[in-house]
Amino acid sequence: MDSSATKGLTLHSRSGVAYRFDPGALCLELLTTGGPGPYRRYEVLHEPADLAAWADRSRLTPVPALEISAAEVTDARRLRDALFRVVLAHTRGEPHPPGDIKAINEAAAHPALAPAITPTGKRQWAGNPSGTHLVATVAQDAVELLTGPFAHRIRTCAAEDCHLVYVDTSRPGRRRWCSMEHCGNRHKMRALRARNSEEG
């Protein structure tokens, strides 16, 4: 699980309002790009430029300059959909789907992005990073998350109409919302309205 950066993503609500969402892990950031079944309507990974744009927004530091093929975009979608099903099963205490576990493990078996130091002491990615390196990096992050100390902290947002998944890395472990700016704030406003109507 990558905790070296705290970028977070900028998402937009149905009404178009921007808010910050930090899922706490690189692999969970990929789940914001679409998914299987009902999440297909949110699909944003259609071509290499889309996957490169996601990497640019992700917590990877620095942004990798990637050579991505159309086949690698398909690989990224396959990994994301498998991870989505595994994570949802995990949050419900259900068995992990074997076919999806196999897909994650196969993606994780490829070489990941390799960090390197420039002559000036800055961080860069070694060699010629490809979409396969990116997908492997995400898959390896997923393996680390699902088998690591925060595996029991993977949750879905408590809002009924929100399906965002995050890992609660806070010390007390009491995070309930994808974002306090968005769902947390909506809950507070609803609770306030309910209290006011009771008092009125």
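The values are calculated or read from the model by the stated rules, or taken from the named source; none is laboratory data. Note that the coordinates shown come from a computational prediction; the quantities given were computed from them, not determined experimentally. Note that we place each Cβ from the backbone using ideal geometry, even for glycine, and neighbour counts take in every protein chain shown. We work out accessible area using only protein heavy atoms, side chains counted, and drop any ligands, DNA or RNA first. Shrake-Rupley method; radii C 1.70, N 1.55, O 1.52, S 1.80 Å.
Residues checked against (1) at pLDDT 95 or above; (2) touching a His at 6+ places or on another chain (Cβ under 9 Å); (3) more than 30 Å from A71 (Cβ to Cβ):
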site: W125; (1), (2), (3): yes, yes, no
site: P129; (1), (2), (3): yes, no, no
site: C157; (1), (2), (3): no, yes, yes
site: T169; (1), (2), (3): no, no, yes
Q: Spot the failing condition for A116; the list is (1) touching a strand residue (DSSP E or B) at 6+ places or on another chain (Cβ under 9 Å); (2) closer than 25 Å to R20 by Cα, and only one is missed.
A: (2)
**Q.** Residues located in region 141-171, provided they are part of a strand (DSSP E or B), in contact with a Leu (Cβ under 8 Å, 6 or more places away or on another chain) and not aromatic (F, W, Y)
**A.** I154, T156, V165, V167
Q) Of (1) modelled with pLDDT of 80 or more; (2) open to solvent by less than 60 Å² (accessible area, probe 1.4 Å), H152 satisfies all except one. Which? A) (2)
Q) Does at least one position in region 38-57 carry a residue that is at positive phi and at pLDDT below 95? A) no
**Q.** Matching residues in region 50-64 - criterion: being of a type in the set (S, T, Y) and surrounded by fewer than 19 Cβ atoms within 10 Å (Cβ to Cβ)
**A.** T61
Q.
So for region 103-116 (the condition being within 20 Å of P38 (Cα to Cα) and open to solvent by less than 40 Å² (accessible area, probe 1.4 Å)), does at least one residue qualify?
A. no
**Q.** The listed residue being in a loop (DSSP other than H, G, I, E, B) and either charged (D, E, K, R) or within 24 Å of F150 (Cβ to Cβ) (or both), out of E106, E94
**A.** E94
Q: Specify the residue that is nearest to the chain's Cα centre (by Cα); the eligible residues are those in region 160-178 that are open to solvent by 10 Å² or more (accessible area, probe 1.4 Å) and touching a residue at least 12 places away in the same chain (Cβ under 8 Å).
A: L164
Q) Does A89 qualify as being among the small types (G, A, S) and open to solvent by less than 40 Å² (accessible area, probe 1.4 Å)? A) yes
Q: Would you be able to say whether some residue in region 121-140 is part of a strand (DSSP E or B) and surrounded by fewer than 18 Cβ atoms within 10 Å (Cβ to Cβ)?
A: yes
Q: Considering each residue of region 49-72, count those that are within 16 Å of the chain's Cα centre (by Cα) and assigned to a helix (DSSP H, G or I), and give that number.
A: 8
